[in-house]
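Asks: First the structure, which I've put down as structure tokens, then a few questions once you've had a look.
The values are calculated or read from the model by the stated rules, or taken from the named source; none is laboratory data. Remember, it's a predicted structure, so these values are computed and weren't measured experimentally. Counting neighbours? That spans all protein chains shown, and the Cβs are built from the backbone with ideal geometry, glycine included.
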Amino acid sequence: MSGTKRITLAMTGASGVQYGLRLLDCLVQEEREVHFLISKAALLVMATETDVCLPPKAQAMQHFLTEYTGAAPDQIHVHSQEDWMAPVASGSGAPSSMVVVPCSMGTLSAIATGASNNLIERAADVTLKERRQLIIVPREAPYSSIHLESMLKLSQMGAVILPASPGFYHQPQSVDDLIDFVVARILNQLDIPQTMLPRWGE
């Protein structure tokens, strides 16, 4: 995938793993190279919310996701949470954009404080320090003052806070339409073409 815009996609343990899976599918279809990270909590949520059962090992997961999305060989790179040699762990090798979807409040807080206790947190820290694009998609209700303060802090650092709050002006007919609404907004931020949601006024 030489010359292709690379994107880091991280999924953490909040409800809404469908958003992450749909985004992965869209990125693959748009021929983007994806560095995929997923927390243990997200694996549990995925098993609860979907019929997708990801293998726990990175290599097996990479093979599964390649087949699941129809990706080209080496288009998806899966990294374990302890893989500190992964490109996403360094400013010299990290992709130009990172999306955390869904983003748990624990991960949000850790990113806001620069904790870097695992590869997801480190990758986000690298994205911020290198002044690259970081999109956070929180899924929680209601927000506590801690959540709001963490979001404000990240926004002031240049991150985009894009809550998983689908609109209804496009008259959704299914749950998939609601998922596509949020994913389309993410793709718009990434400046990646999408036909799921027309821009306002079109």
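Asks: Any residue at all in the stretch 68-88 that is surrounded by 15 or more Cβ atoms within 10 Å (Cβ to Cβ), farther than 29 Å from Met151 by Cβ and among the hydroxyl-bearing types (Ser, Thr, Tyr)?
Replies: yes
Asks: Somewhere in the stretch 44-63, is a residue among the β-branched types (Val, Ile, Thr) and loosely packed, with under 13 Cβ neighbours inside 10 Å? Full working, then the answer.
Replies: Just the residues of the stretch 44-63 that are among the β-branched types (Val, Ile, Thr), to begin with: 45, 48, 50, 52.
From the residues that got through so far, the ones that are loosely packed, with under 13 Cβ neighbours inside 10 Å too are 48, 50.
So far as the stretch 44-63 goes, yes, one or more of its residues are among the β-branched types (Val, Ile, Thr) and loosely packed, with under 13 Cβ neighbours inside 10 Å.
Asks: Looking at (1) out of contact with any Lys or Arg (no Cβ under 7 Å at 6 or more places or on another chain); (2) more than 23 Å from Gln194 (Cα to Cα), find the lone condition where Arg22 falls short.
Replies: (2)
Asks: Please find, within the stretch 166-202, the residue that is nearest to Lys129 (Cα to Cα) out of those that are modelled with pLDDT of 95 or more and among the small types (Gly, Ala, Ser).
Replies: Among those residues, the one meeting the criterion is Ala184.
Asks: Within the stretch 161-181, work out how many residues are loosely packed, with under 11 Cβ neighbours inside 10 Å and either within 17 Å of the chain's Cα centre (by Cα) or at positive phi (or both).
Replies: First, the residues of the stretch 161-181 that are loosely packed, with under 11 Cβ neighbours inside 10 Å: 168-169, 171, 173-175.
Then keep just the ones that are either within 17 Å of the chain's Cα centre (by Cα) or at positive phi (or both); that gives 171.
Matching residues across the stretch 161-181 total 1.
Asks: Between Arg132, Arg122, Arg185, which is touching a Ser or Thr at 6+ places or on another chain (Cβ under 7 Å) and either farther than 24 Å from Met85 by Cα or surrounded by fewer than 22 Cβ atoms within 10 Å (Cβ to Cβ) (or both)?
Replies: Numbers: Arg122 fails: either farther than 24 Å from Met85 by Cα or surrounded by fewer than 22 Cβ atoms within 10 Å (Cβ to Cβ) (or both); Arg185 fails: touching a Ser or Thr at 6+ places or on another chain (Cβ under 7 Å).
Result of the check over Arg132, Arg122, Arg185: Arg132.
Asks: Would you check which residues across the stretch 177-202 are part of a loop (DSSP other than H, G, I, E, B) and aromatic (Phe, Trp, Tyr) and list them?
Replies: Of all residues in the stretch 177-202, those part of a loop (DSSP other than H, G, I, E, B) come to 190-202.
Scanning the stretch 177-202 gives a single hit, Trp200.
Asks: While we're here: Across the stretch 1-45, which residue is farthest from Cys103 (Cα to Cα) among those that are in a loop (DSSP other than H, G, I, E, B) and among the aliphatic types (A, V, I, L, M)? Full working, then the answer.
Replies: Step one: of the stretch 1-45, the residues in a loop (DSSP other than H, G, I, E, B) are 1-5, 12-16, 30-32, 39.
Subsequent filtering for residues that are among the aliphatic types (A, V, I, L, M) retains 1, 14.
Numbers: Met1: 27, Ala14: 6 Å.
Among residues in the stretch 1-45 that are in a loop (DSSP other than H, G, I, E, B) and among the aliphatic types (A, V, I, L, M), the one farthest from Cys103 (Cα to Cα) is Met1.
Asks: Is there any pair linking a residue in the stretch 20-37 that is in contact (Cβ under 8 Å) with a residue 60 or more places away in the chain to one that is among the basic types (Lys, Arg) and part of a loop (DSSP other than H, G, I, E, B), with Cβ under 6 Å and at least six apart or on different chains, and which?
Replies: Once the first residue is in contact (Cβ under 8 Å) with a residue 60 or more places away in the chain and sits in the stretch 20-37, its partners that are among the basic types (Lys, Arg) and part of a loop (DSSP other than H, G, I, E, B) give Arg32/Lys5.
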